[in-house]
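Enquirer: To start, I am sharing the structure in question, which I have written as structure tokens.
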Amino acid sequence: MRVFPVYAPKLIVKHARIFLTGVIWVKDLGRLEFDKGRFLLPRQDLPKVKQATLELNKLIERQNREPETT
């Protein structure tokens, strides 16, 4: 488990893309799980965490598409 003291989307996405499966903890958000390089939506309906998860997955999708177009 990696701990991020601040919400830094690019660093978090980089970590998820390298390790593919695991758990991270982000201050003020809590625990985020990822599998196959994508973040899983939390079981609890927390709007702040859900929004961050969707943002991270969108960033991963954008990075996955970049190498194909260039």
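The values are calculated or read from the model by the stated rules, or taken from the named source; none is laboratory data. As the structure is a prediction and not an experimental result, all values here were calculated from the model. Because the Cβ atoms are built from the backbone with ideal geometry, glycine has one as well, and the counts that use them run over all protein chains shown. Accessible surface is based on the protein model in full, side chains and every heavy atom, while ligands, DNA and RNA are left aside. Shrake-Rupley method; radii C 1.70, N 1.55, O 1.52, S 1.80 Å.
Enquirer: Taking Cα atoms, how many degrees apart are the long axis of helix 9-19 and the longest axis of the chain, rounded to 10 and kept between 0 and 90?
Expert: 80
Enquirer: What does the charge count around Leu40 come to, taking other residues whose C-beta lies under 12 Å from its C-beta (Lys +1, Arg +1, Asp -1, Glu -1)?
Expert: +3
Enquirer: Here is a follow-up. Roughly speaking, what is the stretch gain from Lys50 to Leu20, that is 0.36 nm per residue apart minus the C-alpha to C-alpha distance, in nm to one decimal?
Expert: Working it through step by step, the gained length comes to 8.9 nm.
Enquirer: With a probe of 1.4 Å, find how much accessible area the chain has per residue, and write the answer as a whole number in Å².
Expert: Counting only protein heavy atoms, the per-residue value for the chain is 75 Å².
Enquirer: Using 0.36 nm per residue, how much length does the chain from Lys36 to Leu11 gain when fully extended, once their Cα-Cα distance is taken away?
Expert: Stretched out fully, the Lys36 to Leu11 stretch lengthens by 7.3 nm.
Enquirer: To continue, here is another question. Taking the structure as given and computing P(r) over Cα pairs in 10 Å bins from 0, in percent, which label from (1) 17, 26, 26, 23, 8, 0; (2) 21, 57, 19, 4; (3) 22, 63, 15 fits?
Expert: (2)
Enquirer: Say we join alpha carbon atoms closer than 10 Å with springs in a Gaussian network model of the chain; which of Arg43, Arg17, Arg31 then has the biggest fluctuation?
Expert: Arg43
Enquirer: Another question, if that's okay. Gain in length, Glu61 to Val3, computed as 0.36 nm per residue apart minus the alpha-carbon separation, to one decimal in nm?
Expert: Value of the extension gain: 18.6 nm.
Enquirer: How far is helix 47-69 tilted, in degrees, relative to the longest principal axis of the Cα atoms in the chain, given as a value from 0 to 90 rounded to the nearest 10?
Expert: 10
Enquirer: When the accessible area of the chain is computed with all protein chains present and a 1.4 Å probe, what percentage of it is carbon and sulfur?
Expert: Using a 1.4 Å probe with all protein chains present, the chain comes out at 55 percent carbon and sulfur.
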